[in-house]
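> Take a look at the following structure, please.
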């Protein structure tokens, strides 16, 4: 940004307050990457302080980090930036543990961050792909709750999918 | 302001019975909406079915009628936003045979790294005594003893024999079929049979045939015609390939003359014996005529759903390869667009011919070169041995004329959701 452009765009700043009281000061353009916040801002006479009682500060921080990256790149979008974004997204989800992944996903969904939900659900899907049923149960610590015989029945009905 | 949606803490309380050590089990308590979003991103119905036996809730989400609709929507979105990466992710098999005996086991060109292709054994799972006559997407049209036809999904092994077609029938009959997904989520398919052709009438070539529609469960007679002047002295058709719902067959009169196109999308209930128009599509303007248009120099096939045509002619020490695609956005004015024209250098004695198009990659074809089958990237002097399998392999060495005399290729492309063959209601 050149320092001479002091004129027109006065960026509005929003205060986002998480469930544990942690607050974040973010530019409107960043926060409105989230559909829920965009809706609130578009309401007439909305205040600059937005309380988000359903999102913990840690995860709100991460969501906003993602928004910031993607809002910046939106302003001067070109092919190269697209690549950078993809790479950044990859890094962002690479080492997420299941706990963080879950809470991020719930937060992104609650805040209607559609693209972030895409990214995170894709990450969960990647943890399923190529795994056998037992391996999936192991990964997500799921116990089968089928009645005896039910699972066999589904297997039998769709035997082609288990070859 | 109070939010209507439950918080994730509330969600956790609700599901505490499932999750005791929440930290490592959290994904398993995702709400159904998000779980559905995850499942949409799985590559194939095969993985979905496997997921459905993980636990009852996963089964519930995946088998819900709404899920298949969402899955189709998501795939359509993927295809429209980036069609070439969508297509390149689809596994395929090109089944081919090179002998007159149509029951002889086939060779296969298979796409790499495809889990779902592991389970398919064409030569052992086809119904006995049947031969492949046509393919459309992931379905095959099989014929048994030149009499009975059936639709077969080689992946799910779903099989449906059709009622007998109207007689008199003969072994020269040509066939093809198309299936489409209806608004109600069901597939409908139509089969076309051309039984007899004659040019005895003054101005028209007349084709006697029959069409079958899965909605009525019946065959009805159909007569097609096109002006004789378009293909003087034509001798034969071939079994059909399908692009954009239209069935195409090459017209051969010693040399290739053009294509006939049949549009079966008009309703199934039209009267018997009513003459229908089939369209004749002329060859591209810069297509070599006469000896250059002999059948072994011409190949056609469907690439990413579009009809393509190639011609490869030897000139001294190189081959001249041309590839066109049929542009049929405006159904009243279809025309060929030339996509490639390349010169291929060869040794003096080399013989080459195009065997098949890669169904998903517009820049790759399969080529018989020096008696072996290669995968060829158009425009690059690079040939790689195709990924082949089948009971006959390694391929015996073919002379190019022998190879193309009986060569037939059937391309099967496996969409993420296998086509479900409908049950015929009134059979």
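None of the figures in this text is laboratory data; all of them are computed from the coordinates on show. Bear in mind the structure is a predicted one, so any value in this text is a computation, not a measurement. Every residue, glycine among them, receives a Cβ derived from its backbone with ideal geometry; neighbour counts consider all protein chains shown.
> Give the peptides A:135-148, A:105-118 in descending order of average Cβ contacts within 10 Å, highest first.
So the order, starting with the most tightly packed, is A:105-118, A:135-148.
> With r defined as the distance between the Cβ atoms of residue A:95 and residue B:223 and R0 fixed at 45 Å, what FRET efficiency is calculated, to the nearest 0.05?
So the FRET efficiency works out to roughly 0.10.
> Let me ask something else about it. Please order B:135, B:85 by the number of other Cβ within 10 Å, starting at the fewest.
The most exposed by this proxy come first: B:85, B:135.
> Could you calculate the FRET efficiency of residue A:112 with residue B:372 from 1/(1 + (r/R0)^6), where r is the beta carbon distance between them and R0 is 45 Å, rounded to 0.05?
Calculated value: 0.20.
> Label residue B:331 and residue B:118 with points 7 Å out from Cα along Cα→Cβ: what is the distance between them in nm?
If labels sit at residue B:331 and residue B:118, their model points lie 4.4 nm apart.
> How would region B:85-413 be classified by its alpha-carbon gyration tensor: rounded, prolate or oblate, with rounded meaning a/c under 1.5 and the a/b versus b/c comparison settling the rest?
oblate
> Also: Under a plain spin-label model, where a point goes 7 Å from the Cα along Cα-to-Cβ, how far apart in nm are residue B:187 and residue B:64?
About 2.5 nm separates the two model spin labels.
> Expressed in nm to one decimal, what extension gain is obtained for the pair residue A:39 and residue A:83 from 0.36 nm per residue of sequence separation less their Cα-Cα distance?
12.9 nm
> How long are the three semi-axes of the equivalent ellipsoid of region A:77-160, in whole Å, if each is the root of 5 times an eigenvalue of the C-alpha gyration tensor, listed from largest down?
34, 15, 12
> For residue A:65 paired with residue B:317, estimate the spin-label separation in nm (one decimal), with each label point 7 Å from Cα along the Cα-to-Cβ line.
Simple spin-label model gives 6.3 nm for this pair.
> Further, regarding this structure: Normalising by the residue count of region B:85-413, find the relative contact order in percent from Cα pairs under 8 Å and 6+ residues apart.
Over region B:85-413, the number comes to 17 percent.
> Just to be sure I follow: if Rg is taken over the C-alpha atoms of chain A and Rh is the Kirkwood radius over the same atoms, what is Rg/Rh?
With Rg and the Kirkwood Rh in hand, the quotient comes to 1.12.
> What is the order of A:49, A:119, fewest Cβ neighbours within 10 Å to most?
A:49, A:119
> From the helices alone, meaning DSSP H stretches of at least four residues, give me the mean residue ellipticity at 222 nm for chain A, per-run term -39500 (n - 2.57), in deg cm²/dmol to the nearest 500.
Estimated from H runs of four or more residues: -17000 deg cm²/dmol.
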